[in-house]
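The values are calculated or read from the model by the stated rules, or taken from the named source; none is laboratory data. Remember, it's a predicted structure, so these values are computed and weren't measured experimentally. Note that each Cβ is placed from the backbone with ideal geometry, even for glycine, and that neighbours are counted across all protein chains shown. Accessible surface areas use protein heavy atoms only, side chains included; no ligands, DNA or RNA. Shrake-Rupley method; radii C 1.70, N 1.55, O 1.52, S 1.80 Å.
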Amino acid sequence: MFLRKGRIIATLRNAIVNHYDGFEVYYQPIVDCQSEQIIGAEALMRFSMITEEGREFVSPMEFIPLLEETGLIIPAGRYILNEAAAMCCEMQKYIPDFRMNVNVSYVQILQGNVERDILDAIQKYSLQTECLCVEMTESGFMDMTPSFCKFRKTLDKNRIPFVIDDFGTGYSNLHCIRDMNPSYVKMDRDFTAKAMNSDRDYELYKNIIPMVHSINVRICAEGIEEKEWLLKMKEMKVDYLQGYYFGRPCGKKQFLQQYASGINVK
């Protein structure tokens, strides 16, 4: 395990030096719940490395913590941000108000100048600031540090949407949502699956939605896998949806082929 960790870190360093060879951005569609039309995508970092057996795709659960631990998340995050902004610009040729969600790590806020990177990417690709949404998991900002407060102020001042990811994973509380004042929250995919398979969890899920809406925050349900789930979300008046029912994360070329003309779910 220790040897593997060292090998992955060395490969990540090498990849960054070699123009991010091995890094790739995958995109997953985000859909308006009522119209079922695609409104945007989430950009997801992927990484693969050459081994004796061939090219191995490393799980994000494995390589992202290593990027954060070493500070390599700062250059890697900047690369992903620019790729995502370029893709947003490309998709806007087909869907003019298309939005792109990009994940930001607390390490990028503490050690880098990620707000500057975000503004630079927006300017470089001539995007409206509302079209690049910043996602963070709740566990990433449990401390309201000066760095984080400065980051949030910069987003608000420039009207860059802020999204709380993985809501419902144990850190969740409405007090946190009120303090963060996000554009919307994303209900964790496991929470969604539980709600679709248990009456008790369904009642909890259903009751959270009007509470979040009451403080003027929208909701995106992640993990939508079946048409029946989509119909239940419509009944509950969820705002946005994401999940395998609408499409798995895929590379830029495939995403353009599949979604440039809108969503097409049978």
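Quick notes
- Within segment 176-217, the set of residues being touching a strand residue (DSSP E or B) at 6+ places or on another chain (Cβ under 7 Å) and assigned to a loop (DSSP other than H, G, I, E, B) comprises PRO182, SER183, ASP188, VAL217.
- Failed condition for PHE63, given (1) touching a Phe, Trp or Tyr at 6+ places or on another chain (Cβ under 9 Å); (2) open to solvent by 30 Å² or more (accessible area, probe 1.4 Å): (2)
- Some residue of segment 203-214 being buried (at least 21 other Cβ atoms within 10 Å of the Cβ) and over 30 Å from ASP156 (Cα atoms): no
- Residue pairs whose Cβ atoms lie under 7 Å apart, sitting 6 or more positions apart in sequence or on different chains, and linking a residue in segment 75-89 that is closer than 12 Å to GLY112 by Cβ to a partner that is among the small types (Gly, Ala, Ser) and in a helix (DSSP H, G or I), are LEU81/ALA121.
- Residue check, SER183 hydroxyl-bearing (Ser, Thr, Tyr), open to solvent by less than 80 Å² (accessible area, probe 1.4 Å) and under 17 Å from the mean Cα position of the chain (by Cα): yes
- Within segment 106-118, being part of a loop (DSSP other than H, G, I, E, B) and open to solvent by less than 30 Å² (accessible area, probe 1.4 Å) holds for one residue alone: GLY112.
- Looking only at segment 22-43, and only at residues there that are hydroxyl-bearing (Ser, Thr, Tyr) and buried (at least 18 other Cβ atoms within 10 Å of the Cβ), the one that is nearest to MET100 (Cα to Cα): TYR27
Every residue, every condition in (1) of a type in the set (A, V, I, L, M); (2) more than 29 Å from ARG116 (Cα to Cα), yes or no:
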| residue | (1), (2) |
| --- | --- |
| GLY22 | no, no |
| VAL31 | yes, no |
| GLN37 | no, yes |
| LEU72 | yes, no |
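- Taken as a whole, the structure leaves GLN242 outside the set of residues that are of a type in the set (S, T, N, Q), modelled with pLDDT of 95 or more, open to solvent by 80 Å² or more (accessible area, probe 1.4 Å) and within 19 Å of the chain's Cα centre (by Cα).
- Residue under evaluation ILE8, criteria (1) open to solvent by less than 50 Å² (accessible area, probe 1.4 Å); (2) out of contact with any strand residue (DSSP E or B) (no Cβ under 9 Å at 6 or more places or on another chain); (3) over 26 Å from THR129 (Cα atoms), criterion not met: (2)
- All positions within segment 51-60 that are free of Cβ contacts under 8 Å to residues at least 24 places away in the same chain, under 14 Å from GLU24 (Cα atoms) and either of a type outside the set (Lys, Arg) or open to solvent by less than 10 Å² (accessible area, probe 1.4 Å) (or both): GLU56, PHE57, SER59, PRO60
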